[in-house]
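**Student:** This is the structure, below, for whatever I ask next.
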Amino acid sequence: MQVALEEIAFSRRAFTLACSGVFEEGIHLVTGRVGSGKTTLALLLAGLLQPDAGSVRREGVGTMTLSFQNPEYHVTEAAVRAEIASYGADPDAVAGQCGLAGRIDDDPFHLSRGELKRLHLACVFARAWDLLILDEPFSSLDCVQKRHLCRWLEERDAGITVIFTHERQVLPRVDYIWEVADGRAACLGPVPGAIGRWRYAPPYLRRALEDGRMPANIRFEDVREAR
């Protein structure tokens with residue numbers, strides 16, 4: 001199972017993005033500055049945008065979804081219960097997982113932004129996607145909920161997971177790191193080897209590298225364990 005980007009190029013006015021690389025099974029973290037093209041790359045991966053040149057080739061991908069940063073974009077039902085059921089999931093189980101058991105009959109738009117984000121992510125993770133694309137999944141979540149999301153990500157035991165994020169404090173274990181900069185998206189390689197080449201590494205990782213320590217992965221816990 002993989003998604004291969006073969007010399008793709010995309011442009012809109014002054015904006016350009018180019019990429020060649022392969023998203024294999026595992027967790028891929030894609031980072032870059034605001035406006036660098038991360039969301040554009042997510043849309044290209046999902047097939048919601050078509051490149052001006054090159055191709056996006058999906059092999060062995062039977063099911064896929066793209067989670068947008070704004071959870072309200074995904075709401076299709078008038079009650080939390082029905083919204084969960086629309087994903088083919090058990091409403092009571094999913095509502096309990098995201099702390100909304102007492103609001104299962106409420107209108108999703110009566111939830112806070114953080115609650116709606118939790119609901120959406122719980123629905124997404126209730127299914128086993130071959131290709132799961134997450135655009136800013138940590139936004140609107142507090143630290144506790146970010147850690148819950150990390151656990152869900154790490155518990156995915158198959159498929160391709162691609163995380164586009166600016167998050168620099170609470171991160172999951174990942175398998176590959178990508179960067180989007182200067183009009184190009186590139187894979188830095190597998191972790192931990194890619195950590196030393198990661199320009200957007202969080203401060204706690206930079207300090208570890210400056211001290212001569214190479215963590216096994218990118219979580220803060222990995223830095224504490226590094227020798």
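FYI, it's all coordinate maths here, none of it is from the lab. Note that the structure is predicted; figures quoted are calculated from it, not measured. We place every Cβ from the backbone using ideal geometry, glycine too, and count neighbours over all the protein chains shown.
**Student:** Computed from these coordinates, which is Kirkwood radius over Cα pairs in Å: (1) 18.4; (2) 19.4; (3) 18.9?
**Tutor:** The calculated read-out lines up with (1).
**Student:** How big is the antiparallel share of DSSP beta bridges in the chain, given as a percent to the nearest 5? Working shown, then result.
**Tutor:** Numbers: 21 of 42 bridges.
Around 50 percent of the beta bridges assigned by DSSP in the chain are antiparallel ones.
**Student:** Now, a different point. Collect residues whose amide H, placed 1.01 Å from N in the peptide plane, falls under 5 Å from the amide H of Trp198; neighbours closer than 5 in sequence don't count.
**Tutor:** none
**Student:** Another one. Each residue of region 35-52 in turn: what ³J(HN,Hα) in whole Hz from Karplus with 6.51, -1.76, 1.60 and θ = phi - 60°, glycine and Pro shown as x?
**Tutor:** x, 6, x, 5, 5, 4, 5, 4, 5, 5, 4, 7, x, 7, 10, 10, x, 6
**Student:** Grab the DSSP H runs of the chain that are 4 residues or longer, score each as -39,500 (n - 2.57), total them, divide by all residues and round the 222 nm result to the nearest 500 deg cm²/dmol. List each step's numbers first, then the result.
**Tutor:** On the way: 7 runs with 62 residues, N = 227.
Result for the chain: -7500 deg cm²/dmol, rounded to the nearest 500.
**Student:** Now a separate question. Considering only C-alpha atoms, what is the centroid distance from region 39-79 to region 137-180, in Å?
**Tutor:** 17
**Student:** Another one. Could you give me the ³J(HN,Hα) list for region 131-147, computed from phi with Karplus coefficients 6.51, -1.76, 1.60 and θ = phi - 60°, whole Hz, x at Gly and Pro?
**Tutor:** Values, residue by residue: 10, 10, 10, 10, 9, 6, x, 7, 5, 6, 9, 7, 4, 5, 5, 4, 5 Hz.
**Student:** Also, I was wondering about something else. When a/c reaches 1.5 or more, the comparison of a/b and b/c decides; with that in mind, is region 72-127 rounded, prolate or oblate per its Cα gyration tensor? Display every interim value, and only then the final one.
**Tutor:** Numbers: a/c = 1.26, a/b = 1.17, b/c = 1.08.
The shape class here is rounded.
**Student:** Order of Trp152, Trp178, Trp198 from fewest to most other C-beta atoms within 10 Å?
**Tutor:** Numbers: Trp152 17, Trp178 25, Trp198 20.
With the sparsest Cβ surroundings first, the list reads Trp152, Trp198, Trp178.
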